[in-house]
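The values are calculated or read from the model by the stated rules, or taken from the named source; none is laboratory data. These numbers were taken from a predicted model, which means no experiment stands behind them. Using ideal geometry, Cβ is built from the backbone for each residue, glycine included, and neighbour counts are taken over all protein chains shown. Surface areas here come from the heavy atoms of the whole protein model, side chains and all, with no ligands, DNA or RNA. Shrake-Rupley method; radii C 1.70, N 1.55, O 1.52, S 1.80 Å.
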Protein chains: 2
Amino acid sequence: MSNQQSLVVVGSVAIDWVITPEAERSESIGGAATFAAIAASYLSPVNLVGIVGDDFPQRSIEDLRRKRIDTSGLEVVPGGKTFRWKGRYHANMNQRDTLDTQLGVFETFDPKLPPRYADSGYLFLANIQPEVQLRVLEQMKAPRIVGLDTMNLWIDIARPQLEKVISRVGVLMINEEEARQLTGEHNLVKAARGVRKLGPKSVVIKRGEYGALLFHGDDVFSAPALPLEEVVDPTGAGDAFAGGFMGYLARGVEPHGEHLRTAMIYGSVLASYIVGGFSYDELIGLDLERIQSRFALFQRLTDFARADLA
Amino acid sequence: MSNQQSLVVVGSVAIDWVITPEAERSESIGGAATFAAIAASYLSPVNLVGIVGDDFPQRSIEDLRRKRIDTSGLEVVPGGKTFRWKGRYHANMNQRDTLDTQLGVFETFDPKLPPRYADSGYLFLANIQPEVQLRVLEQMKAPRIVGLDTMNLWIDIARPQLEKVISRVGVLMINEEEARQLTGEHNLVKAARGVRKLGPKSVVIKRGEYGALLFHGDDVFSAPALPLEEVVDPTGAGDAFAGGFMGYLARGVEPHGEHLRTAMIYGSVLASYIVGGFSYDELIGLDLERIQSRFALFQRLTDFARADLA
């Protein structure tokens, strides 16, 4: 497998304080790039780009390395403070309030890609300032597929930079409300068309416990979420989805509709695991066999036969 | 086709006043039984049970008859007032407020089934007082499959009667919030199990624009909703779903998992049409060819291939 078939993941690496109706965990390792990188690592080699302070636990860096994630792009700032997020989930687990955010070393993050990352064929720009996403994108030689996630904050305060980076990616992955906010269209079919006018050929709209929609040209695909009996901590579900999605593509498939559909299901599979525990507790110990067996569960979840009504 | 392969539908036949963010219609013909009966009529013979006043337009009764719906069980009360509902949809079209309800002839409804209805093999008890649902059920000889819908009001004020009728049906069809309210379980997998403990072997949880879930034994099926560019009026979507679902079963199939899955998609197909217009404007003029062609759209919407990761 050449370096072409590897995925660069850039985004937040964080320490979270997560409060759910049932439990809470402070010092919970988080960050969009952390979750996306671990999820993708089951499907392709991953090169991580991020920044932490020296309060970030060394054993978590070792966890990433054990998944064969290249962490040479993870900058550790001596004396610096890792990005911290504190949040509380509502009873429905689909909504949350941010209680505190401390940017720490994130405030001055100016990523320098290790030279061997630059010819990776695949790039996932996880949620982070659009300027940082752009600077990473500009250091890549010729990525075949670039995926991008963002959040309401950047739509509010950095729209010109966000639209610039959106115009240069193939796949935008955002949630329902962000799609509406970005395009001014309430209807998701129209919102997806609005996104495609900004540049991306494909739009993935994430809907939490309701699954995700893919719009690719005139084609629409609906991926369900697996109904789960125990949801411990939804943090990172969207990131694990994106990691599984991009990780599957980084195996070298073309960004055609059929492959994007399969990628949506791998994303859904990885997302279905991460919510079963805090942080990456449930995500870190998977293997291909379990992933394929849950993929088969998604086939069963959506399978139906056509009836002959003649 | 024997009378065994026909579906009795009982529930409200109404005159609505529907207000959406874009438009409104007063004197909009509505009612759960109206929508369910029309949806089901494409798939099986339908015998309607309901009550209206003489303010109910004769041309709407003729509309039903043109769909070959037997309306001999629709009581018209001289001088009576038809049940009226007035409601306003929120911008998201998935939530609504009831502005006014006038029970009219509904208040004293004591349905008497025409004798030839009693040996129908299939029965759909659309949303109505649980006592009325019970009285209809008791007039049936030996229905093969009984489906039931209800609403938060009856869970609040008539739980004993509701639990009695639920214990005697095979399929309960309710929305997410009702499932939670009925069982006290927020998690839908647990809520579905709680419903099955009340009697029904199968539980359909309706999720509006997110589709519907079927729980049948240990089997779970997720039916998507079709992403639509124009939603004019969501009133009756759940009823059209139930009508399509029951109408397909009433063709004589057994209530096994595979047939229930196909029935879920016919329900989703009929629901996808009704929301495109007020009242039954878009539902009334369909034919089997259009229904089958939209069924194929649902196949495309959910189709994905398994990848070999070896």
Output the number of residues of region B:188-214 satisfying the condition of being more than 25 Å from residue B:227 (Cβ to Cβ), in a loop (DSSP other than H, G, I, E, B) and open to solvent by less than 30 Å² (accessible area, probe 1.4 Å). 1
Looking at region A:256-284, which of the residues that are over 19 Å from the mean Cα position of the chain (by Cα) and more than 7 Å from chain B (Cβ to nearest Cβ) is surrounded by the most Cβ atoms within 10 Å (Cβ to Cβ)? A:257
Would you point out which residue out of A:74, A:99, A:103, A:43 is open to solvent by less than 10 Å² (accessible area, probe 1.4 Å), under 25 Å from residue A:150 (Cβ atoms) and aliphatic (A, V, I, L, M)? A:43
Residues of region B:40-62 being outside any loop (DSSP other than H, G, I, E, B) and either in contact with a His (Cβ under 7 Å, 6 or more places away or on another chain) or within 14 Å of chain A (Cβ to nearest Cβ) (or both), in sequence order, are B:40, B:41
Residue match in region A:159-178 (condition: open to solvent by 70 Å² or more (accessible area, probe 1.4 Å) and within 23 Å of residue A:272 (Cα to Cα)): yes
Taking region A:55-71 only, how many residues are open to solvent by 30 Å² or more (accessible area, probe 1.4 Å) and either basic (Lys, Arg) or touching a Leu at 6+ places or on another chain (Cβ under 6 Å) (or both)? 5
Of all residues in region A:105-134, count the ones that are of a type in the set (D, E, K, R) and either part of a loop (DSSP other than H, G, I, E, B) or within 20 Å of residue A:246 (Cα to Cα) (or both). 4
For region B:285-310, enumerate the residues that are within 7 Å of chain A (Cβ to nearest Cβ), open to solvent by 40 Å² or more (accessible area, probe 1.4 Å) and more than 24 Å from residue A:294 (Cβ to Cβ). B:288
Residue B:253 meets each of (1) within 11 Å of chain A (Cβ to nearest Cβ); (2) over 25 Å from residue B:178 (Cα atoms); (3) at pLDDT 95 or above with one exception, condition (3)
Output for Cβ contacts, cut-off 7 Å, separation at least six or different chains, first residue β-branched (Val, Ile, Thr) in region B:64-77, second in a strand (DSSP E or B) and at pLDDT 95 or above, reads B:69/B:46; B:69/B:48; B:71/B:48; B:76/B:52; B:77/B:51; B:77/B:53
